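Values quoted throughout were computed directly from the atomic coordinates according to the rules given, and no laboratory measurement underlies them. Model, not experiment: these values are computed from the prediction. Every residue, glycine as well, gets a Cβ built from its backbone with ideal geometry; the counts of neighbours run over all protein chains shown.
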Amino acid sequence: MFSSADSSDAAVPALGVASVAAFGAGIAGGPARRGAPLLAVCLLLGAPSCGEQAWPQGPVQLPGDPSLELTRVASGLDAPVFLTAPPGDPRLFVVEQRGRIRIIAEGALRADPFLDISSRVLAGGERGMLGLAFHPDYAINGRFYVHYTRLDGSSRIARFEVSGDPDAADAGSETSVLQVLQPFSNHNGGMIAFGPAGELFIALGDGGSGGDPQGNGQNVDTLLGALLRIDVDGAEPYAIPAGNPFAAGGGRPEIWAWGLRNPWRFAIDEADGRLWIADVGQNRAEEVNRQPLDAAGVNYGWNVMEGLECFQPSPCDTAGLATPLLEYEHGPGCSVIGGFVYRGDAVPELSGEYFFSDFCAGFVRSVPAAAATPTVTDWDTPELGGVLSFGRDADGELYVLTAAGEVWRIDGVG
């Protein structure tokens, strides 16, 4: 899902909520990490600064260990990797990696899934059902989209429709929108989200293994290692938005940006028109990128660069490559988990803060979204364990999803 270390296309076991160690193995492409002592984690990562905290680039704000108040809203989920909601809908929809979408409503996790396509999903390691996006007009057309790994290992974007029961999707309504062959078992990306103009953005990793052996990150003739933008309403299965950088030729017309290794969560912040991408690094650094949402054709640099430094032998040609807003080196951390900019009303003190985490370190950090040089706040939180993803409800409130099968809502500042 968000591998840092080199890995091969080895078979991986199916994932269960009780198998957190197996999940760690899939993430890192190596031995299990989560649940091991911190020293063992560092040794398995091969981190050079095992005994020291590795901070992101720039100052870290620690004014008396500021704390977040988190409320656990659900438990007992099986590897929850994403949470979202249709516009104006009070329910929460949680993606389980095995291939199910669960509903949290009126404070309770419902037993019957909204959608169960686990028989069609290859789940385990970095594969599975990884993304969910409701159509902006879901209340009218009942359409939603999922990003999942097919049994043959390819990545599929599929459209589904809700049934006559608003709490149950029609599993037989699946329509394939886009399918991409995957040369290895890792770096599937997985995030999908609608932009302000109704276009669907899709994140795909570089195809996997380690070091981008096929050079997909810098190859605009492949969809791997790229952020795509398509119009699912303009044609069947989709049309190409006119503003895409290769809409008229020179590369795959679906591409909006490229040079990505394994973007584990991007966020569209319509309030200030910015796009955030957390891209998982190789062996040295994790990075968070921020660019204007309307900036077509951004090259994020992989595999020429990893974070702020050359990945290939120095010196490297960095002309035309976008550098990250911040990076942090490996140590306790190993795989960045991208979140969202807080735009809810419940905690006004957090307005405009972009939140992110790390699977191995389990921290929750934020940066002011509009700051030219961000100051990172490291928040004191309850013990969360391995953070898998963030989520956002229809009101803009934020949630943290963990490998322990729990969903936590950010409710206040201590």
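Label zone (Asp221, point 7 Å along Cα-to-C-beta; backbone nitrogen cut-off 12 Å) within the range 242-277: 250-252. 3J(HN,Hα) along the range 320-333, derived from phi through the Karplus expression 6.51 cos²θ - 1.76 cosθ + 1.60 where θ = phi - 60°, amounts to x, 9, 7, 8, x, 5, 8, 9, 9, 7, 5, x, x, x Hz, with x in place of Gly and Pro. Near Gly189, the amide H atoms lying under 5 Å from its own belong to Gly205; only residues 5 or more places off or on other chains count, and H is placed 1.01 Å from N. Would you please give the FRET efficiency between Leu321 and Thr375, computed as 1/(1 + (r/R0)^6) with r the Cβ-Cβ distance and R0 = 22 Å, to the nearest 0.05? According to the calculation, E is roughly 0.35. Ordered by the count of other Cβ atoms within 10 Å of each Cβ, fewest first, Ser163, Ser155 give Ser163, Ser155. Projecting the Cα positions of Gly259, Pro348, Ala278 onto the charge dipole of the range 229-371 (unit charges on Cβ atoms of Lys, Arg, Asp and Glu, taken about the Cα centre) puts Gly259 furthest along the positive direction. Backbone phi angles across the range 152-159, fed through the Karplus curve with coefficients 6.51, -1.76 and 1.60 (θ = phi - 60°), yield HN-Hα couplings of 8, x, 7, 8, 10, 9, 10, 9 Hz in residue order; Gly and Pro are listed as x. Amide H to amide H distances under 5 Å link Val177 with Ile157, Ala158, Arg159, where only residues 5 or more positions off or on other chains count and H is placed in the peptide plane.
Ordering Thr375, Thr84 from the fewest to the most neighbouring beta carbons within 10 Å gives Thr375, Thr84. For Asp233, the amide hydrogen comes within under 5 Å of the amide hydrogens of Ala239, counting only partners 5 or more places away or on other chains and with H modelled in the peptide plane.
Evaluating 6.51 cos²θ - 1.76 cosθ + 1.60 at θ = phi - 60° for every residue in the range 354-371, the Karplus couplings come out as 8, 9, 8, 8, 8, 4, 6, 7, x, 6, 10, 10, 8, 9, x, 4, 8, 5 Hz, glycine and proline recorded as x.
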